[in-house]
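Here is the structure we will look at, set down as structure tokens.
The values are calculated or read from the model by the stated rules, or taken from the named source; none is laboratory data. Note that the coordinates shown come from a computational prediction; the quantities given were computed from them, not determined experimentally. Cβ placement follows ideal geometry from the backbone for every residue including glycine, while neighbour counts extend to all protein chains displayed. Protein only, heavy atoms only, side chains kept; ligands, DNA and RNA dropped before computing areas. Shrake-Rupley method; radii C 1.70, N 1.55, O 1.52, S 1.80 Å.
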Amino acid sequence: MRFEISKVLDAIEGRVCTDPSLARAVLDLAEIIRYQDIDGGRPASLLRLGMVIDALSRELEEDSVQVYAIVHRALLSDADLTSNERMVVRRWADDGLVEVLDNPGDRMLEVADLLGLPVLSRVRFDGLRGRFPWLVERPGRVVAPVPGAGGPVFIAHVGGGHVPVAGKRSPTEAKLLARQWRCPESGCALFGSGGGGGAFADLAGGADRSPAAQPPPSLRNGVPTCPRHGARLGDAGPRPRTEVLAVRVGGLVRRRFVLSEEQPVVAGRAPEQEGGIMLGQWLNDEARRWISRGHVRFELRVGEVIVTDVSTNGSGIRPAGSMAEADRIALTPQQSRVLGENDMIELYPGVQIGRAEELPTGAPFTPTSVMAEAPTMAMRLPRP
Ligand SMILES: [Zn+2]
């Protein structure tokens, strides 16, 4: 039982991030874990985060969605969590996967504001409408996770009941995200020297974090500030450019990934390269046989996505996402091509990768649950 829960928490770990390119919603972990009405269980449970992430995945009709979690420091020693759960949250904090704050204040809304993300919360934030006018203009951006028949569902405090897709980033944020930032505090997990590390970055596991994945700085009186340490951030030069690409299998977005100028990314059945995008778990036997371990390599150069076939069998380009066979352009092994704005590369029929925002929605959707390993007890839902 304990072991299974650990596995679920490991799976949830892959769904929390502070990467501005990948987070799809922002939430306050201390609030989410206390939604006792969702499962009728313990006063606090980290598994509820998984349930809310699953609900978001259903809502957005996309697998592997990630959330930006703000964590009150007190949660790291919250006696309502199990020691295992506390250990897991501490690990997330050390690795910069979540933002740990002594006093979160309105940081959740600030992140939502800067990144244009929806907020998953039952709080109404009436007192903050002056500072964040979008609370009035787009009230539907705050949605409350509430119990539903098959797990949590989202209800807007005002207006419709759907999670809005991320809106536009604010102009301020565009400026902030054009630079990389450094916190003077040693070992800062969010704005450390290696991007995510500190003196023990190699051990902490945050060392391989790209500066392109740095969270948005907090703005205090217009000054970029570390939300964790309250220290003024130093400008560490331009941030590497990025493109967000999405993997679509069988018409559904299975995961997104960030391609930065710093290093190429290989996608395939089971790439050996570090940071490779593994597709094997979504492939049927035929696709598995066709697609090489490393099948295509993506590079970002001067704003262009360059795709190179590194497979045995080759692939194809779907110009502007066209599914017509006549439009498909073959890409033979070792051949490279610039991926046009709306192009997708097809590794095998139905297995495509392209820019995230260009992917049309697909067939009826059943997301892979992050809670797949959860023991039935943890998943028990209250009777309607
Ligand atoms: Zn810091």
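Within segment 65-86, identify whether any single residue is of a type in the set (Lys, Arg) and free of Cβ contacts under 8 Å to residues at least 40 places away in the same chain, and answer yes or no.
Filtering segment 65-86 down to residues of a type in the set (Lys, Arg) leaves 73, 86.
Retained after the next criterion (residues that are free of Cβ contacts under 8 Å to residues at least 40 places away in the same chain): 73, 86.
Within segment 65-86, one or more residues are of a type in the set (Lys, Arg) and free of Cβ contacts under 8 Å to residues at least 40 places away in the same chain.
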Inset, instruction - Just name the residue that is nearest to residue 220 (Cα to Cα) out of those in segment 114-140 that are basic (Lys, Arg) and without any contact (Cβ under 8 Å) to a residue 40 or more places away in the chain. - result: 131
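Matching residues to (1) away from the ligand (no atom under 16 Å from the Cβ); (2) modelled with pLDDT of 95 or more:
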{"residue": "229", "(1), (2)": "no, no"}
{"residue": "239", "(1), (2)": "yes, no"}
{"residue": "258", "(1), (2)": "yes, no"}
{"residue": "289", "(1), (2)": "yes, yes"}
Legend entry - Candidates 283, 259, 252, filtered to the one that is under 20 Å from residue 17 (Cα atoms), aliphatic (A, V, I, L, M) and buried (at least 18 other Cβ atoms within 10 Å of the Cβ): 259
Inset, instruction - From (1) more than 16 Å from the ligand (Cβ to nearest atom); (2) open to solvent by 30 Å² or more (accessible area, probe 1.4 Å); (3) at pLDDT below 90; (4) in a loop (DSSP other than H, G, I, E, B), pick out the condition that doesn't hold for residue 187. - result: (1)
Inset, instruction - Could you tell me which residue of segment 205-227 is farthest from the ligand (Cβ to nearest atom), considering only residues that are touching a Leu at 6+ places or on another chain (Cβ under 7 Å) and assigned to a strand (DSSP E or B)? - result: 224
Inset, instruction - Could you please find all residues in segment 134-149 being open to solvent by 40 Å² or more (accessible area, probe 1.4 Å) and either at pLDDT 90 or above or in contact with a helix residue (DSSP H, G or I) (Cβ under 8 Å, 6 or more places away or on another chain) (or both)? - result: 147
Inset, instruction - Of the numbered conditions (1) of a type outside the set (Gly, Ala, Ser); (2) within 19 Å of residue 357 (Cβ to Cβ); (3) open to solvent by 20 Å² or more (accessible area, probe 1.4 Å), residue 20 fails exactly one; give the number of that condition. - result: (3)
Legend entry - Qualifying residue in segment 165-179 (condition: open to solvent by less than 30 Å² (accessible area, probe 1.4 Å) and at pLDDT 90 or above): no
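Take segment 51-64 and flag every residue that is of a type outside the set (D, E, K, R) and under 18 Å from residue 144 (Cβ atoms).
51, 52, 53, 55, 56, 57, 60 - these are the residues of segment 51-64 that are of a type outside the set (D, E, K, R) and under 18 Å from residue 144 (Cβ atoms).
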Inset, instruction - State the number of residues belonging to segment 262-280 that are farther than 20 Å from residue 341 by Cβ and either in contact (Cβ under 8 Å) with a residue 60 or more places away in the chain or open to solvent by less than 50 Å² (accessible area, probe 1.4 Å) (or both). - result: 10
Legend entry - Pairs, first within 30 Å of residue 318 (Cα to Cα) in segment 223-249, second hydroxyl-bearing (Ser, Thr, Tyr), C-beta under 6 Å, six or more apart: 240/260; 242/21; 242/260; 244/21
Legend entry - residue 234, sole failed condition from (1) over 21 Å from the mean Cα position of the chain (by Cα); (2) crowded, with 19+ Cβ neighbours inside 10 Å: (2)
